[in-house]
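Reviewing the structure listed below.
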Amino acid sequence: MTIESIQNEIIDEFSMFDDWMQRYEYMIELGKSLPLIQEKYKTDDNIIKGCQSKVWVHAEMNDDKLVFTADSDAIITKGIIAILIRAFSNHHPSEIIDANTNFIDEIGLKEHLSPTRANGLVSMIKQLKLYAIAYQTQIN
Amino acid sequence: MQTQTSTYSNFNIKSIRNDFPILSREVNGKPLIYFDNAATSQTPQVVIDAIVDYYQHYNANIHRGVHTLSQEATEAYEASRRKIQHHFNAKHPHEIIFTSGTTHGINMIASSFTSLINKGEVILVSAVEHHSNIVPWQMLCERTGAILEVIPMNTDGELILSEFEELLKKQPKLVAVTHISNALGSIIPIKYIIAKSHEVGAAVLIDGAQACPHLKPDVQDLDADFYVCGAHKICGPTGIGMLYGKEEWLNKLPPYQGGGEMIAEVTFEKTTYAGLPHKFEAGTPNISGGIAFGMALDYMNSIGFENIAKYEQELLVYATKKLLSIDGLKIYGTAKNKTSVISFNVGDIHPYDIGTILDKLGIAVRTGHHCTQPIMDFYNIPGTVRASFSFYNTKEEIDVFVEALKRAVAMLS
């Protein structure tokens, strides 16, 4: 599946809910399925700056696909990073670099896109893309 | 909020709330409940009007203008300085220096002390300080080779005074402590700390940022050498605050910044400085802010600090009791003397998660380390949720908040 089709799938899932509370509950649920980062990678170097809660992300190549794992000490943040990873993980770095992130807006999490929000969604997206750029550079 | 009542009869809460236009707005479709007062207070209409009035009628640069507008602005600005003087019971108006806020005042003193502190000399702060009352002193230590020592706290969030007295044996040059802890609400016995510090010849700076919204400090009675606060926590605007300094100290300290306003005479060879307070007020100040600061104090005094303190204590007791009925809720900061600030966590739920859900329900609280990372390290927690109440809050709001919190906890557990 392309990143875009996964994003559309996520949009469809979220469209079933008509209030914010259900959306947040679903997001928390998705956080539980997050591919967890190994303990040894939970280092200060892997913490994403700009979040009030701690978010660790690790990336490694599996064949020609970039695979992300992550964790957070706050469960809403964990849900947010889980959604991002579901969309981005297991894709070629070039696809990740080119992917747009408008789907965040469409699933009703627009408020989290503001750079002043303490959850650092913007920082998370930036970090995932930076990993993709780094691995793409290696490939080239 | 339909039924705003108070059991404290001298207090017309409904009319007070009407003074604050922001309190009638909605957030995320719910009536705003503003419990982030320890970060900044809301602004009554009279203060907003004072700012507007200045820009509409007498906006001009102060002090040197011969024209009418400049004289009116100067008069209003200086009248405000005298109001602040009387409010804090300073001996002279020129002991009140306008600053941009508490942080600015502390930095001013820390910077001016550079030439008065020597290598190896001790500066004393406490374990409950805001970063603003730690970092400027660390920077002073870096510049001079002085040593920073810390008065420890107990698990209730009170300073351990026996340890403080031990530390005084190191003959500190300067003691900088907060009047009230922003993260925990503990009221620090500063009068005692000042008296003891003076016995060993230390100068004392008090960070009054959190105290001034709740009580009326008398700087002469306290015998503080320096007392700093910001207007925005006392119903005034942001970007303005005051530094009180005893005349003899302010005369002794070198100026902090150079520029206009602060000079007597300037040639390229030498500049002589203006007298107090202008020596410390380089450049065009925040004139409307200074004037509005005075108006904010007038407003607070018209309600009366005794009334405010009594009512806020009621809110504190009420909220503490209700919150403690929630399973797994732990309050950080249980000092015997505290103000209307409650820092807490529920089980192992991250404070950020709780803050996010409460915001969705129209409730503003603060989450995180509250610029007091050493306190969070002391308790070994990432942060807390902090609800801080002001005299315009109500018990009904606390009821809504507690129900919302229960809802958040159910979602997040």
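Readers should treat all values here as calculations from the given coordinates under stated rules, not as data from a laboratory. As the structure is a prediction and not an experimental result, all values here were calculated from the model. For neighbour counting, all protein chains shown are included, and Cβ atoms are generated from backbone atoms with ideal geometry for every residue, glycine included.
Which of B:GLU78, B:GLU403, B:GLU158 moves the most in a Gaussian network model of chain B with Cα springs under 10 Å? Largest GNM mean-square fluctuation: B:GLU403.
With a threshold of 25 Å on the Cα-Cα distance, the over-threshold entries among B:LYS216/B:LYS336; B:LYS30/B:LYS338; B:LYS30/B:LYS395 are B:LYS30/B:LYS338. Note on chain B: antiparallel DSSP beta bridges, both residues inside, total approximately 60 percent of the bridges counted.
Residues whose amide H comes within less than 5 Å of that of B:ASP19, counting only those at least five positions distant or on another chain, are absent (H built at 1.01 Å from N in the peptide plane). Across region A:23-35, rounded Karplus estimates of 3J(HN,Hα) from the backbone phi angles (6.51 cos²θ - 1.76 cosθ + 1.60, θ = phi - 60°) give 4, 5, 4, 5, 4, 4, 4, 4, x, 6, 9, 4, x Hz, Gly and Pro being marked x. In the protein assembly as shown, the DSSP-assigned H stretches of four residues or longer account for a calculated mean residue ellipticity at 222 nm of -12500 deg cm²/dmol, using -39500 (n - 2.57) per stretch and the full residue count as denominator. Expressed as a whole percent, the proportion of Cα-Cα pairs in the protein assembly as shown lying more than 45 Å apart is 26%. Taking chain B as a Gaussian network, Cα atoms linked when under 10 Å apart, which of B:THR40, B:THR372, B:THR334 shows the biggest mean-square fluctuation? The residue with the greatest mean-square fluctuation here is B:THR334.
In percent, rounded to a whole number, the relative contact order of chain B is 23, using alpha-carbon pairs under 8 Å and six or more apart. Once the Cα atoms are used to define both axes, helix B:287-303 deviates from the longest principal axis of chain B by about 50 degrees. Scalar couplings 3J(HN,Hα) for region B:400-406, obtained by applying the Karplus form with A = 6.51, B = -1.76, C = 1.60 to θ = phi - 60°, are 4, 4, 5, 5, 4, 5, 4 Hz; x denotes Gly and Pro. A simple count of charges around B:GLY333, restricted to other residues whose Cβ falls under 12 Å of its Cβ and scoring Lys, Arg +1 and Asp, Glu -1, yields +2.
With Cα atoms defining each centre, region B:310-384 and region B:396-413 are spaced 13 Å apart in the structure. A cut-off under 13 angstrom between Cβ atoms defines the neighbours of B:ASN182, and their net charge, with Lys, Arg +1 and Asp, Glu -1, is +1.
Summarising the amide proton neighbourhood of B:ILE263: residues at separation of 5 or more, or on other chains, whose placed amide H is nearer than 5 Å comprise B:ALA274. Using alpha carbons only, the radius of gyration of chain B set against its Kirkwood radius gives Rg/Rh = 0.98. Packing here is the average count of other Cβ atoms within 10 Å per residue, and on that basis the peptides B:318-325, B:342-349, highest first, run B:342-349, B:318-325.
Just need log10 I(q)/I(0) for region B:221-274 at q = 0.15, 0.17, 0.25 Å⁻¹, Debye formula, equal scatterers on the alpha-carbon atoms, no solvent, rounded to two decimals. Debye intensities relative to I(0), on a log10 scale: -0.64, -0.76, -1.02.
How about region B:34-126: which trypsin sites (Lys or Arg not before Pro) there are in a DSSP loop, with at most 10 other Cβ atoms within 10 Å of their Cβ?
Answer by residue number: B:ARG64, B:LYS119.
Highest mobility in the GNM of chain B, judged by mean-square fluctuation with C-alpha springs under 10 Å and restricted to B:ASP19, B:ASP298, B:ASP327, is found for B:ASP327. Where a ≥ b ≥ c are the square roots of the eigenvalues of the C-alpha gyration tensor, would you call region B:1-160 rounded, which needs a/c under 1.5, or, failing that, prolate if a/b is larger than b/c, or oblate? Since a/c reaches 1.5 but b/c is at least a/b, the shape of region B:1-160 is classed as oblate. In region A:3-139, the ratio of gyration radius to Kirkwood radius, Rg to Rh, stands at 0.94 when only Cα atoms are counted.
How much of the DSSP bridge set in the protein assembly as shown is antiparallel, in percent, rounded to the nearest 5? Roughly 65 percent of the DSSP beta bridges within the protein assembly as shown come out antiparallel. Using bins of 10 Å that start at zero, the share of Cα-Cα pairs per bin across region A:26-76 amounts to 25, 51, 23, 2, in whole %.
3J(HN,Hα) couplings calculated from phi for region B:353-366 with the Karplus curve 6.51 cos²θ - 1.76 cosθ + 1.60 (θ = phi - 60°) are, in sequence order, 4, 4, x, 5, 5, 4, 4, 4, 9, x, 10, 9, 10, 9 Hz; Gly and Pro show x.
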